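The values are calculated or read from the model by the stated rules, or taken from the named source; none is laboratory data. This structure is a prediction, so every number in the text was calculated from the model and none was measured. We place every Cβ from the backbone using ideal geometry, glycine too, and count neighbours over all the protein chains shown. These area figures cover heavy atoms from the full protein model, side chains too; ligands, DNA and RNA do not enter into them. Shrake-Rupley method; radii C 1.70, N 1.55, O 1.52, S 1.80 Å.
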Amino acid sequence: MVFVTEQWLLVSILLGLIFFYVFTEKQKGGKTISSHELTRLVNDGEAVILDVRETKEFNAGHIVDALNIPFNTMEKRIVELDKHEGKTIVVVDKMGQHAGAVGKQLAQRGFSVNRLSGGMMDWQGQNLPVVKK
């Protein structure tokens, strides 16, 4: 604690750098969008929904017309998205834990990427429609 009080400037710079790093890393995975923005993009034909949850979770309830490529198979199956190259890919997962990593992979391949804020938990929490298989 003595170090923090004596070296407050260094500690402040360190905290600022950490914040900046976290912020820029989050942005690399794509901008987060709300469920309303997602609905508008899909209705306008500008976006494709990519659900990266496991198939069992996907079948229990997913957004209409969402593609399912589970997170752990993304590297092998990423080529399936090449046919949607001109559209924005909106990555959806359970609560946002994998969307950033997938978003980075897609951005590195040249895709325009967004992430659904709050994932499927937020979508279902707002009582928005889901499809069950």
Within segment 56-100, restricting to residues that are in contact with a strand residue (DSSP E or B) (Cβ under 9 Å, 6 or more places away or on another chain) and among the β-branched types (Val, Ile, Thr), the one that is surrounded by the fewest Cβ atoms within 10 Å (Cβ to Cβ) is Val64
*Mind checking whether some residue in segment 69-90 is closer than 23 Å to Pro129 by Cβ, at pLDDT 95 or above and under 9 Å from the mean Cα position of the chain (by Cα)?*
yes
In segment 113-133, anything surrounded by fewer than 16 Cβ atoms within 10 Å (Cβ to Cβ) and in a strand (DSSP E or B) is listed as Val131
Of (1) polar (S, T, N, Q); (2) modelled with pLDDT under 80; (3) surrounded by 13 or more Cβ atoms within 10 Å (Cβ to Cβ), Thr39 fails just (2)
With the first residue restricted to segment 119-133 and required to be closer than 10 Å to Ser35 by Cα, and the second required to be open to solvent by 50 Å² or more (accessible area, probe 1.4 Å) and of a type outside the set (A, V, I, L, M, F, W, C), Cβ contacts under 7 Å at 6 or more apart or on different chains are Gly119/Lys94; Met120/Lys94
